[in-house]
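The values are calculated or read from the model by the stated rules, or taken from the named source; none is laboratory data. These numbers were taken from a predicted model, which means no experiment stands behind them. Note: ideal-geometry Cβ built from the backbone for every residue, glycine included; neighbour counts use all protein chains shown. When the accessible area is computed, the model is the full protein with side chains, heavy atoms only, and any ligands, DNA or RNA have been set aside. Shrake-Rupley method; radii C 1.70, N 1.55, O 1.52, S 1.80 Å.
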Amino acid sequence: MVGLTGVRKKKTAIFISGNGSNMKKLIKFSKLRNSPICVDLVLSNNKKANGIRYLKKTKIVSKIFNFKNNKDEEKILKILKKRKIDLICLAGFMKILSRDFIKKFNGKILNIHPSLLPKYKGLNTHERVIMNNEKFSGCTVHLVNSKLDSGKIILQKKVRINKNDNPKTLAKKILKEEHMLYPKAIKKLLSTT
Ligand code: GAR
């Protein structure tokens, strides 16, 4: 697919595990004429993910895998190769990809994480941030390398934490920022590669 600028849009696969609100925003973004990506495929480890249900209303192909062993990853790599996927966006994807898989897509896997990395890697970020009485949190889009939430940071957005915030209200506030940050980060990455 060719965008407004005449440049071929990067074929993108999104990996999700749950609600898929970031996925929906990326799909919307991909449909803009000047977007550098087109969403070709969505993969999930969870067939009951809300995001997968949503895709039934679209023409986007979705596939479910356990992501439990190398065999799954081999099958996935074959599909990605066959569909000529240029970019993978992890969007609320809660599985850890193998070192080998990451190597094969080196520099082409993005993740969004709900904290100001390198602070609060891993799970339950909002709970830990609130418990530590932080004044700020936020979200980060980064390249994926073999260490958890540690690849090169592409963009971050800071969010102020109010006295009344709890993990739920903070998650909601940050998610809203994530929806704007992910497309910006993709534009930034693809304008420099
Ligand atoms: C988002 O907040 C995302 O940053 C987070 O899960 C949520 C998914 O929401 N990802 C991680 O914690 C990855 N370690 P969504 O399914 O509505 O996009």
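What Kirkwood Rh does the chain have if only Cα atoms enter the pairwise 1/r average? Answer in Å.
Details: mean 1/r = 0.0585 Å⁻¹.
About 17.1 Å for the chain.
Solvent exposure of Met180, expressed as accessible area, is near 100 Å², computed with a probe of 1.4 Å over the protein chains only. Measuring nothing but protein heavy atoms, the accessible surface of the chain at 1.4 Å probe radius is 52 percent carbon and sulfur.
Can you tell me, using C-alpha contacts under 8 Å and at least 6 residues apart, the relative contact order of the chain as a whole percent? It would help to have the intermediate numbers written out before the result.
Numbers: 342 pairs, mean separation 36.6, N = 193.
Contact order relative to length: 19 percent.
Probe radius 1.4 Å, ligands and nucleic acids left out: which of Tyr54, Tyr120, Tyr182 has the largest accessible area, and how do the rest follow?
These residues rank, largest area first, as Tyr54, Tyr120, Tyr182.
Taking every DSSP beta bridge that has both ends in the range 29-166, the antiparallel portion is near 60%. Checking the table Lys57/Lys81; Lys68/Lys121; Lys119/Lys158; Lys108/Lys173; Lys25/Lys173 against a 24 Å threshold on Cα-Cα, which pairs fail? Cα-Cα > 24 Å for Lys57/Lys81; Lys108/Lys173; rest within.
Ranked from highest to lowest mean number of other Cβ atoms within 10 Å per residue, what is the order of the peptides 98-104, 153-159? Walk me through the numbers on the way to the answer.
On the way: 98-104: 14.9, 153-159: 17.0.
Ranking, from highest mean packing down: 153-159, 98-104.
3J(HN,Hα) along the range 35-49, derived from phi through the Karplus expression 6.51 cos²θ - 1.76 cosθ + 1.60 where θ = phi - 60°, amounts to 6, x, 10, 10, 7, 9, 7, 10, 10, 9, 8, 9, 5, 8, 4 Hz, with x in place of Gly and Pro. With the charge dipole of the chain set up from +1 on Lys and Arg Cβ and -1 on Asp and Glu Cβ about the Cα centre, the Cα lying farthest toward the positive end among the listed residues Ile37, Gly122, Asn145 is that of Ile37. In this simple spin-label approximation, Phe136 and Lys176 carry label points 7 Å from Cα along the Cα→Cβ vector, and these lie 1.9 nm apart. Overall, the chain carries a charge dipole of about 640 debye about its Cα centre when +1 sits on the Cβ of Lys and Arg and -1 on the Cβ of Asp and Glu, all other atoms neutral. For Leu43, the residues whose amide H sits under 5 Å from its own are Ile14, Phe15, Ile16, Lys63, ignoring neighbours fewer than 5 places away on the same chain, with H placed 1.01 Å from N.
Once the Cα atoms are used to define both axes, helix 21-30 deviates from the longest principal axis of the chain by about 50 degrees. Helical content alone sets the calculated 222 nm signal of the chain at -11000 deg cm²/dmol, taking -39,500 (n - 2.57) per DSSP H segment of four or more residues and averaging over every residue.
Accessible surface calculations at 1.4 Å, restricted to protein heavy atoms, place the range 78-193 at 61 Å² per residue.
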